[in-house]
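As structure tokens, the structure follows; a few thoughts come after it.
The values are calculated or read from the model by the stated rules, or taken from the named source; none is laboratory data. Quick caveat: nothing in here was measured; it's all calculated off a predicted structure. Ideal geometry is used to build each Cβ from the backbone, glycine not excepted, and the neighbour counts take in all protein chains shown.
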Amino acid sequence: MAVTLYDLQNTIASFLDSNPTNSSDGSQTWSRRQNYINRAQQQWAEVLDWRNLYKEYNALISTPSGTSTHALPSDFRKLAGHAIIGGLKFTDVYPYEKVDIGTASPITYVLGTPGSYNLIMRWAEAPESLSSITLPYYSTPANLTTQGSISPIPDPEYLTAKAIAFELRSLVKDHQRADVEDARAELILRNMMASENTPSFGNERRIKTQEERMGFTFGED
């Protein structure tokens, strides 16, 4: 069963309040703890490239020759692979690298700030007037704003532990109990990371390459 913001607020209230009844939506206590929960979610999102935050953006775009700019989704955080534009794979580079790459190579790079990133595309040859684009990316999770909001985090208990620690440390000034909750959150985070890095059943059954059987990874010394 999915855990909602309302459920998270109830869990926090049962831990912190002497009379554990959930604060009403919009109250000062509710809003403060809601901010803590969203802060914890953002911290989780930035730790790893989580599968739950993977998305693919597909669109038809106008593609003039030379260099063109396309606005990325508002939840874009970072690329998860190379863009496929008009059936061609574009190499993703850092902006400062573009001057070192010949014009015969199609490249992309990202400029902007959170919420308003742009994909800059440099074409090697004149494209079609309209081209399809497929862009894999990792997203920034949306803040939990309503009682029914659900976080994409695999284990929501991390959010409650961190939110409790935030309140204990900043409002109650009980640093000892806050340290305990921070340690609990850290353990939950490590377990999520271990699960994220565990190969899926299908991946375990696939035929491994000679290099993988020998423990060699391409591109590493």
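Per-residue answers, yes or no, for (1) at pLDDT below 85; (2) touching a helix residue (DSSP H, G or I) at 6+ places or on another chain (Cβ under 9 Å); (3) in the same structural domain as residue 115 (by TED's automatic domain parsing):
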residue	(1), (2), (3)
58	no, no, yes
63	yes, no, yes
66	yes, no, yes
71	no, no, yes
77	no, yes, yes
82	no, no, yes
95	no, no, yes
98	no, no, yes
103	yes, no, yes
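Scanning region 129-179 for residues that are under 30 Å from residue 62 (Cβ atoms) and among the small types (Gly, Ala, Ser) turns up 129, 131, 132, 139, 142. Of the candidates 18, 14, the single residue that is in a loop (DSSP other than H, G, I, E, B), surrounded by fewer than 15 Cβ atoms within 10 Å (Cβ to Cβ) and either at pLDDT 95 or above or more than 23 Å from the chain's Cα centre (by Cα) (or both) is 18.
Residue-level check: of (1) in a helix (DSSP H, G or I); (2) of a type in the set (A, V, I, L, M); (3) under 23 Å from the mean Cα position of the chain (by Cα), residue 99 misses just (3). Taking every residue in region 126-152 that is under 19 Å from residue 109 (Cα atoms) and among the polar types (S, T, N, Q) and pairing it with any residue that is part of a loop (DSSP other than H, G, I, E, B) and modelled with pLDDT under 90, at least 6 positions away or on another chain, the pairs with Cβ-Cβ distances below 9 Å are 131/63; 131/86; 131/87; 132/86; 132/87. Whether a residue is on the phi < 0 side of the Ramachandran plot and in the same structural domain as residue 124 (by TED's automatic domain parsing) was assessed, and residue 45 does not pass this test.
Filtered by the rule that a residue be surrounded by 15 or more Cβ atoms within 10 Å (Cβ to Cβ), of a type in the set (Gly, Ala, Ser) and within 19 Å of residue 77 (Cα to Cα), region 139-157 gives 139, 151.
Against the definition (part of a strand (DSSP E or B), among the hydroxyl-bearing types (Ser, Thr, Tyr) and touching a Pro at 6+ places or on another chain (Cβ under 7 Å)), how does residue 109 come out, yes or no? Taking the combined requirement at face value, the residue satisfies it.
Can residue 117 be described as assigned by TED's automatic domain parsing to the domain that holds residue 79, more than 17 Å from residue 66 (Cα to Cα), aromatic (Phe, Trp, Tyr) and touching a strand residue (DSSP E or B) at 6+ places or on another chain (Cβ under 9 Å)? For residue 117, the condition - assigned by TED's automatic domain parsing to the domain that holds residue 79, more than 17 Å from residue 66 (Cα to Cα), aromatic (Phe, Trp, Tyr) and touching a strand residue (DSSP E or B) at 6+ places or on another chain (Cβ under 9 Å) - is met. Out of 111, 79, 60, one residue alone is of a type in the set (A, V, I, L, M) and closer than 13 Å to residue 138 by Cα. It is 79. The condition of being in a loop (DSSP other than H, G, I, E, B) and at pLDDT below 85 does not hold for residue 211.
Within region 42-80, the residues that satisfy the criterion of being closer than 29 Å to residue 192 by Cβ and touching a Lys or Arg at 6+ places or on another chain (Cβ under 9 Å) are 43, 44, 45, 46, 49, 53, 73, 75, 76, 80. Out of region 112-168, which residues are touching a Gly at 6+ places or on another chain (Cβ under 6 Å) and outside any loop (DSSP other than H, G, I, E, B)? Answer for region 112-168, where residues must be touching a Gly at 6+ places or on another chain (Cβ under 6 Å) and outside any loop (DSSP other than H, G, I, E, B): 118, 131, 136. Residue by residue through region 52-87, note down the ones that are charged (D, E, K, R) and exposed (fewer than 12 other Cβ atoms within 10 Å of the Cβ). Residue satisfying the conditions is 56 alone.
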